[in-house]
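Below you'll find the structure, written out as structure tokens, and then a few comments.
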Amino acid sequence: MSPTARLPAAARAVVGGDRRALARLITAVENHDPAALPDLRALYRRTGKARIIGLTGPLGVGKSSLINGLLALLRAQGLKVGVIAVDPSSPFSGGSVLGDRVRIERQVGDAGVFVRSMASRGHTGGVAATTREVCRLLDAFGLDVILVETVGSGQVDVEIREVATTSVVVLVPHLGDEVQSLKAGLFEIADVFCVNKADLAGADLAAKDLSELVSLGANPEGWRPAVVTTSTQTGTGLDVLWSAIDAHEQFLDTKDLRRLGERRRLAREIVALVRERVGRELTEALDRDPDLNRLLDGLVARTIDPYAAADRLYRDVRGKG
Amino acid sequence: MGRASTPAPPIRVLIAKPGLDGHDRGAKVVARALRDAGMEVIYVGLRQTPESIVDSAIEEDVDLIGLSCLSGAHMALFPRVLNLLKAKRLGDVPVFAGGIIPDEDARALKKIGIRAVFGPGTTLEEIVTTARRIARSHA
């Protein structure tokens, strides 16, 4: 029996290089379709090989164009590359316009590239709730590097850290003075700072400010973020950017930080999975169980307080499990 | 996973302009209307080849494709997109079209499988309603 013979059909097709099967499985993951679970479980042990690189930063700084540049660079090195580009969903209609493919130029029919647009679907933090799982599918598909582009991020959008092993924070000249870079949030998560649009005036100053920030000290893991300048307009600096990313990836390996980081992320992931399940069970129990339902009447009548009611609900559901 | 299914996943639609044609205002207006109707619009814009359109349709697993053409090359480009879709086992993805397309051509395009052709003056409401009706349901 071949090693793939025991896989469920969709998983087998993905491992076999079927692009359409991969695309459909991604849709199933995005839609939380429980039918995809056997495939996801089967594919998990085939993951962990791809390097997942995040590009984040405010809107309009050139993230998609940088990804386009990196894509060409990595393909020239013979690496297979996946791109996941996240754009926001409308909080009003739920719809979205996913426009990152406009910037991506590639050879038609190149089997070494797979690009997928994702809508954030109400998830905050810069990525979609399922971006991590979609990365895993691209990993199982056999891609070497996965470039993840976040939505245009604000100061608190740092969830790319849960997805990528190296995070590049992309900035442009004139975004603010050096005090901005001291603030918490986005600037804290950078493994690499990239000042893009270096063809514009002020890029040197921005890079200098960031270099000063970096010189204030290494991050808690002992890494001092690199500062690079790029221009996708002139095509300069992309090789330097990739070298900086690569240096951080090597740092993770030499310090055993890749394994430790993944361990922490996976711990959070399984806790989140359990939390979701327990949350659903609790809600269902409240709806169904007449005794528990009376708790709500008691709360409204002020005969019981929310903390006591929560205790009661928790004990009740746990007792049944 | 193990999460409850959301009631109705959004329709994913690809909006593309095949060929050499510099006018994308119409395609953008339609993209925005479909967004406002709750769809996820993968907008690839200008100067797409039929091959790149079909590559995008595969990777994005779209339920619907909208092609726009104002250059007059629709009779050359649209059938090529349809044929390529069939060749790549995507024959079940419905395609609609918009642009400056004479009635006679519109009839011919519908005959070969374009599901709807929208000319100047079509209301956005009509486009949205039709798009919803013809979109492939998530299997």
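The values are calculated or read from the model by the stated rules, or taken from the named source; none is laboratory data. On a predicted model such as this, the values are computed, not experimentally measured, just so you know. Every residue, glycine among them, receives a Cβ derived from its backbone with ideal geometry; neighbour counts consider all protein chains shown.
List of remarks:
- For A:L138, the conditions (1) away from chain B (no Cβ under 14 Å); (2) in contact with a strand residue (DSSP E or B) (Cβ under 7 Å, 6 or more places away or on another chain) are fulfilled apart from (1).
- Every condition in (1) more than 14 Å from chain B (Cβ to nearest Cβ); (2) crowded, with 18+ Cβ neighbours inside 10 Å; (3) over 23 Å from B:A31 (Cα atoms) holds for A:G62 except the one numbered (3).
- Residue that is more than 23 Å from A:V158 (Cβ to Cβ) and not polar (S, T, N, Q), where the choices are A:V271, A:V300: A:V300
- Scanning region A:181-190 for residues that are crowded, with 23+ Cβ neighbours inside 10 Å and either farther than 30 Å from A:A76 by Cβ or within 15 Å of the chain's Cα centre (by Cα) (or both) turns up at least one hit.
- Some residue of region A:112-132 being within 12 Å of chain B (Cβ to nearest Cβ), part of a helix (DSSP H, G or I), under 9 Å from the mean Cα position of the chain (by Cα) and not hydrophobic (A, V, I, L, M, F, W, C): yes
- Cβ-Cβ distances below 7 Å connect the following pairs, each with a first residue in region A:208-235 that is closer than 27 Å to A:T254 by Cβ, a second residue that is assigned to a helix (DSSP H, G or I) and among the β-branched types (V, I, T), and a separation of six or more residues or different chains: A:R224/A:V214; A:P225/A:V214; A:V227/A:V214; A:V228/A:V240.
- Within region A:30-49, the set of residues being surrounded by 22 or more Cβ atoms within 10 Å (Cβ to Cβ) and among the aliphatic types (A, V, I, L, M) comprises A:A36, A:L43.
- Selection within region B:93-106 - more than 12 Å from every other protein chain (Cβ to nearest Cβ) and at negative phi: B:P94, B:V95, B:F96, B:A97, B:G98, B:I100, B:I101, B:P102, B:D103, B:E104, B:D105, B:A106
- Among the conditions (1) at pLDDT below 95; (2) touching a strand residue (DSSP E or B) at 6+ places or on another chain (Cβ under 9 Å); (3) assigned to a loop (DSSP other than H, G, I, E, B), the only one that A:V108 does not satisfy is (2).
- Qualifying residue in region A:43-62 (condition: closer than 25 Å to B:I15 by Cβ and outside the structural domain of A:R136 (by TED's automatic domain parsing)): no
- Applying the criterion of being within 16 Å of A:S117 (Cβ to Cβ), assigned to a strand (DSSP E or B) and among the small types (G, A, S) to the residues of region B:25-68, the residue that is nearest to the other protein chains (Cβ to nearest Cβ) is B:G45.
- Enumerated helices (runs of 4 or more DSSP H) restricted to region A:253-321, each holding at least 3 residues that are touching a residue at least 60 places away in the same chain (Cβ under 8 Å): A:257-288
- Test: residue in region B:5-16 that is in a helix (DSSP H, G or I), surrounded by fewer than 18 Cβ atoms within 10 Å (Cβ to Cβ), within 13 Å of another protein chain (Cβ to nearest Cβ) and not acidic (D, E): no
- Top-ranked residue in region A:276-321 [being among the small types (G, A, S) and over 30 Å from A:T130 (Cα atoms); ranked as modelled with the lowest pLDDT]: A:G319
- Selection within region A:201-216: residues that are closer than 12 Å to A:E188 by Cα and not β-branched (V, I, T). The member of this set that is surrounded by the most Cβ atoms within 10 Å (Cβ to Cβ) is A:L210.
- Test: residue in region B:69-92 that is of a type in the set (K, R), free of Cβ contacts under 8 Å to residues at least 40 places away in the same chain, away from chain A (no Cβ under 14 Å) and part of a helix (DSSP H, G or I): no
- Considering residues of region A:51-102 that are part of a strand (DSSP E or B) and touching a Gly at 6+ places or on another chain (Cβ under 8 Å) only, the residue farthest from A:V195 (Cα to Cα): A:V81
- Hits in region A:236-251 (condition: of a type outside the set (S, T, N, Q) and free of Cβ contacts under 8 Å to residues at least 12 places away in the same chain): A:D246
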